[in-house]
1. HN-Hα J couplings of the range 59-68 from phi, Karplus 6.51/-1.76/1.60, θ = phi - 60°, integer Hz, Gly and Pro as x?
2. Where only protein heavy atoms count, and the probe is 1.4 Å, what is the accessible area per residue for the chain in Å²?
3. Along the charge dipole of the chain, pointing to its positive end and built from +1/-1 on Cβ of Lys, Arg, Asp and Glu, which listed residue (70, 56, 95) has its Cα farthest out?
4. Quick one: check the C-alpha center-to-center distance for the range 87-155 versus the range 11-53, whole angstrom.
5. Report, to the nearest 10°, how far helix 95-112 tilts away from the longest principal axis of the Cα atoms in the chain, using its own Cα long axis and a range of 0 to 90°.
6. Hey, what number do you get for the chain at 222 nm if only DSSP H runs of n ≥ 4 count, each worth -39500 (n - 2.57), divided across all residues, to the nearest 500?
7. Rounded, prolate or oblate: which fits the range 1-101 when a ≥ b ≥ c are the square roots of the eigenvalues of the alpha-carbon gyration tensor, with rounded for a/c under 1.5 and prolate only if a/b beats b/c?
8. Run the accessible area of the range 3-184 with a 1.4 Å probe and give the carbon-and-sulfur part as a rounded percent.
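The values are calculated or read from the model by the stated rules, or taken from the named source; none is laboratory data. All of these numbers come straight from a predicted model, not from anything done at the bench. Here the Cβ positions follow ideal geometry from the backbone for every residue, glycine too, while neighbour counts run over all protein chains shown. These area figures cover heavy atoms from the full protein model, side chains too; ligands, DNA and RNA do not enter into them. Shrake-Rupley method; radii C 1.70, N 1.55, O 1.52, S 1.80 Å.
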Amino acid sequence: MSLLDAIADQVRVCTRCPLAEGRTQAVPGAGPPDASIMFIGEAPGAEEDAQGEPFVGKAGQMLNRLLRGAELDRTDVFITNTCKCRPPSNRDPHADEVRACREHLDGQIACIRPTLICTLGRWAMHTMLEDETLSVMKLNGTVIERQGLTFVPLIHPAAGLHNENMQQPIEDGFRRLGELLRERA
Ligand code: URA
């Protein structure tokens with residue numbers, strides 16, 4: 001068994017935070033173990049909790065479309081979340097829940113060693129860049145180097161489901177990501 005699979009197994013039985021009590025199942029993440037690009041969202045929603053797969057609900061359909069626009073195939077990237085279990089009523093994860101899950105996420109990053117980590121939404125960006133003052137609207141689609149890792153913050157695809165005005169900035173971020181990948185190819 002690979003180390004990445006071992007982490008997924010640990011996630012499935014994890015009881016490090018109270019989110020374990022309310023979940024149907026944990027959602028470790030999905031994608032090839034040698035993916036060069038990793039996407040990190042916030043936390044599973046109802047559909048993800050039911051299926052055990054990240055981004056399979058409405059936000060996932062949106063993500064799939066945006067990935068195609070950036071000339072990326074979902075099956076080539078690794079997709080996970082800062083929190084591996086669904087928070088009740090889809091509330092934002094609490095800081096202690098994100099902290100409890102951090103070791104799983106850091107383990108996945110260490111195994112996959114992606115060349116690029118795309119954070120989806122403000123929460124994932126704040127968690128990964130450890131700075132709550134950063135604005136995802138300003139940093140959307142830009143490159144940030146931190147501690148030997150390369151990050152591209154992106155607006156969360158679900159933001160477009162709640163607010164039509166967010167659609168264009170979301171697409172702009174993924175378009176910049178596509179340009180960046182072509183430049184780096
Ligand atoms: N939103 C997220 O941040 N993650 C998912 O897996 C689904 C929706």
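1. Whole-Hz 3J(HN,Hα) from phi for the range 59-68: 5, x, 5, 5, 4, 4, 5, 5, 4, 4.
2. The answer is 50 Å² per residue.
3. The Cα lying farthest towards the positive end belongs to 70.
4. Comparing the Cα centres of the range 87-155 and the range 11-53, I get a distance of 15 Å.
5. The angle comes out near 70 degrees.
6. -13000 deg cm²/dmol
7. Here the range 1-101 falls in the oblate category.
8. In the range 3-184, the share of accessible area belonging to carbon and sulfur is 47 percent.
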